[in-house]
Amino acid sequence: MNSIDKIIEMELESTPDEIDIQTKERLFKNIKSGIVISQKKSISVTTRVLRWTAILLLPLVSSILTYYIVSSNTISEGSPVTFTTGYGERANITLPDGSQVWLNSGTSVTYNSSFNKKERELLLSGEAYFEVAEDARRPFVVQANDITVEALGTSFNVTAYKDDLFASSVLIDGSIRVSADGQERILKENHRATYYKEGSKLATDVVLASDYILWKEGYLYFESSSFEDIAKQLSRMFNVKIEFTSDNLRSIRFTGTLGNSSIKNVLDILSLTSPMYYEMNGTTVELYYSES
């Protein structure tokens, strides 16, 4: 049995109970699905197609901290209320209208203290999953950097980190309107709207929406993600600094579902399935390109 076999066998025994049976079964089936690691033509290394999806399924052991920047008990009418999670943290909050919001790492949500009296509008920077309380009189509006998402009563995910080249929203159920730069899309269930900052284009596609909220349960889902994008997500999730010693690594792509039990376990899987090895020094990770 090789190294990746041992890791998968060990981690599958620790599947969290919060994951529904259908999702568990689909994740288990993914063990034999393909991970494709591709590189630009300019890179003189053979593209390898690996028949493994690495799933690390350890229960989340790190505590989740929520910071009140402004306390709703002491603020005056019309004052902003902000919830923030740092890197390596996640949180769940309840809005005044009863809507539930899950904040991913490095995320902030700000709303007015008069939220739900006349309107339901908030500002988002980062990534969050929303379960919106129904209220036909007051649409629920999320202003997320480059995109605006409007809903009446529904569940959806929004990703809008300032340092990313895109902002997106995935609809779980219900209906939402996504707008950006004068463009507008109405989403159905299992559809995604993505706004690309370069070119100012708002596009839609069909996805398996449940994959995009696995982060709530402590998973990392990548769909043909470049190592450059993966490094950003790992930095936020584990509060580490990741440095590339070779630009050849940046364009390598990875598809799979990983648990976030530790940065070391995630990097071990990535190094077993790509021409990469790493060194850690405290909270700094250096990624090296392997030509062998």
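Throughout, read-outs are computed from the coordinates displayed, never taken from laboratory work. Just so you know, these numbers come straight off a predicted model, no measurement behind them. Every residue, glycine among them, receives a Cβ derived from its backbone with ideal geometry; neighbour counts consider all protein chains shown.
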- request: Please quote Rg/Rh for region 180-292 to two decimal places, taking the Kirkwood radius as Rh and restricting both calculations to Cα atoms.
  value: 1.03
message: Can you order the peptides 196-202, 134-140 by their average number of other Cβ atoms within 10 Å per residue, highest first?
response: 134-140, 196-202
statement: Cα-Cα longer than 22 Å, checked against LYS162/LYS201; LYS197/LYS241; LYS162/LYS197; LYS117/LYS197; LYS162/LYS241; LYS118/LYS162, kept in input order, equals LYS197/LYS241; LYS117/LYS197; LYS118/LYS162
message: Testing the spin-label approximation: label points 7 Å from Cα along Cα→Cβ at ASP97 and LYS117. State their distance in nm.
response: 1.6
task: Can you pull the one-decimal nm distance between simple spin-label points at GLU189 and SER224, each 7 Å off the Cα toward Cβ?
output: 2.6
message: Taking R0 as 35 Å, what FRET efficiency do you get between ASP135 and THR204 from their Cβ-Cβ distance, rounded to the nearest 0.05?
response: 0.85
- prompt: Taking square-rooted eigenvalues a ≥ b ≥ c of the alpha carbon gyration tensor, is region 67-211 rounded, prolate or oblate, where a/c under 1.5 means rounded and, failing that, a/b exceeding b/c means prolate?
  reply: prolate
